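First comes the structure, then the notes that go with it.
The values are calculated or read from the model by the stated rules, or taken from the named source; none is laboratory data. Remember, it's a predicted structure, so these values are computed and weren't measured experimentally. When we count neighbours, we look across all protein chains shown, and the Cβ atoms used for this are built from the backbone with ideal geometry, even at glycine.
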Amino acid sequence: MKTRHHPLLSPIALVSTLFLIAGLAFTLWMTGGRAFSPGDLSAVAHSPSGLGFEHHASFSDDCTQCHTPLQGVTADRCTNCHSEIAAQQAAGEKLHGRLGELACVNCHTEHLGSDVDLVAVALADFSAEDHALLFPLDGAHLTLDCADCHSDGTYSDTPTTCAGCHQEPAIHANQFGTACANCHTTADWQSAALTAHRFPLDHGGMGDQPCASCHLEQLTRYSCANCHVPQIMTDVHAGVATDNLQACTSCHQLATSAETERLQR
């Protein structure tokens with residue numbers, strides 16, 4: 001009596017299986033891991049690779065460029081190519097140097113298509129808290145578009161000082177330097193309020209006075225004569241050299257009654 005084999009164990013099934021395995025092996029050998037790829041790699045590049053690849057799509061057939069066996073995508077595989085990121089981490093500088101331990105795939109998601117910009121993918125979820133690692137976004141800065149500060153898609157080495165972005169107002173050009181925060185806040189650049197004045201702004205007990213009360217022509221020059229009649233001051237300061245009378249703050253630094261009494265002793 002002839003023995004019957006299970007269909008899956010028949011000679012034809014076994015030979016077919018061997019041919020299928022051989023075919024798969026050949027395909028994997030020719031295409032790397034592309035057969036298991038969930039999608040095309042990005043062909044958009046912002047900087048040259050340390051290993052000579054033009055972009056991620058250049059190594060579509062070599063999964064090991066990014067994937068570590070049994071671990072998946074690991075940061076050390078990424079920094080093998082992106083040496084500038086490794087340098088930032090080592091120095092603790094710029095954005096990637098301040099993010100702590102990196103898991104690149106948390107921000108830069110691959111296999112979304114060859115025309116996908118991985119930087120744009122990361123920026124889509126880039127929060128104000130993330131941005132604060134380099135520059136806090138508050139006040140009027142919160143309403144800006146990225147392109148208002150980062151032109152041409154360039155995000156590194158963007159100025160972080162006021163003078164780096166804002167032109168100095170003509171009203172005080174070349175007079176006060178670049179310590180803008182002494183007067184300006186990010187809430188409203190135009191509504192300046194002097195917060196670091198060397199002379200009491202409530203001088204005379206009449207509350208804060210307008211700048212023009214003392215600064216008649218230029219903000220870097222002052223005159224007390226607008227309120228204090230020169231002849232009366234000359235009489236009061238009998239014995240004081242005329243030149244010294246023009247430098248009131250050399251003696252009256254606080255402009256208080258207690259200071260005046262001390263000077264009269």
Index of the failed condition, Leu41 passing every other in (1) modelled with pLDDT under 85; (2) of a type in the set (A, V, I, L, M); (3) assigned to a loop (DSSP other than H, G, I, E, B); (4) surrounded by 12 or more Cβ atoms within 10 Å (Cβ to Cβ): (1)
Any hit, the range 188-208, residues being touching a residue at least 12 places away in the same chain (Cβ under 8 Å), outside any helix (DSSP H, G or I), closer than 30 Å to Lys94 by Cα and not hydroxyl-bearing (Ser, Thr, Tyr): yes
Yes/no for Ala238 being part of a loop (DSSP other than H, G, I, E, B), surrounded by 10 or more Cβ atoms within 10 Å (Cβ to Cβ) and either at pLDDT 80 or above or acidic (Asp, Glu) (or both): no
Residue in the range 128-159 that is farthest from Arg98 (Cα to Cα), counting only those that are part of a helix (DSSP H, G or I) and of a type in the set (A, V, I, L, M, F, W, C): Ala140
Gln71 out of contact with any strand residue (DSSP E or B) (no Cβ under 9 Å at 6 or more places or on another chain) and farther than 30 Å from Phe36 by Cα: no
Filtered residue count, the range 69-117, keeping only those that are under 20 Å from Ser42 (Cβ atoms) and not in a helix (DSSP H, G or I): 17
Whichever residue in the range 162-175 is assigned to a loop (DSSP other than H, G, I, E, B) and surrounded by 10 or more Cβ atoms within 10 Å (Cβ to Cβ) and, among such residues, is farthest from the chain's Cα centre (by Cα): Gln175
Top-ranked residue of the range 17-38 - restricted to ones that are among the aliphatic types (A, V, I, L, M) and either within 22 Å of Val73 (Cα to Cα) or modelled with pLDDT under 75 (or both), ranked as surrounded by the most Cβ atoms within 10 Å (Cβ to Cβ): Leu28
Meets criteria (more than 28 Å from Ser250 (Cβ to Cβ) and either exposed (fewer than 14 other Cβ atoms within 10 Å of the Cβ) or within 20 Å of the chain's Cα centre (by Cα) (or both)) for Gln190: yes
Test: Thr178 is polar (S, T, N, Q), part of a loop (DSSP other than H, G, I, E, B) and either under 30 Å from Ala122 (Cα atoms) or in the same structural domain as Glu93 (by TED's automatic domain parsing) (or both): no
Given (1) touching a Cys at 6+ places or on another chain (Cβ under 6 Å); (2) exposed (fewer than 10 other Cβ atoms within 10 Å of the Cβ), number of the condition Cys180 does not satisfy: (2)
Residue match in the range 55-67 (condition: in contact with a Leu (Cβ under 6 Å, 6 or more places away or on another chain), of a type outside the set (Val, Ile, Thr) and within 26 Å of Ser151 (Cβ to Cβ)): yes
Any hit, the range 131-144, residues being under 15 Å from the mean Cα position of the chain (by Cα) and at pLDDT below 80: no
Single residue of the range 193-225 satisfying the filter (of a type in the set (Gly, Ala, Ser) and within 21 Å of Gln253 (Cβ to Cβ)) that is nearest to the chain's Cα centre (by Cα): Ala196
Residue satisfying condition, being farther than 30 Å from Thr160 by Cβ and at pLDDT below 75, within set Arg262, Arg221: Arg262
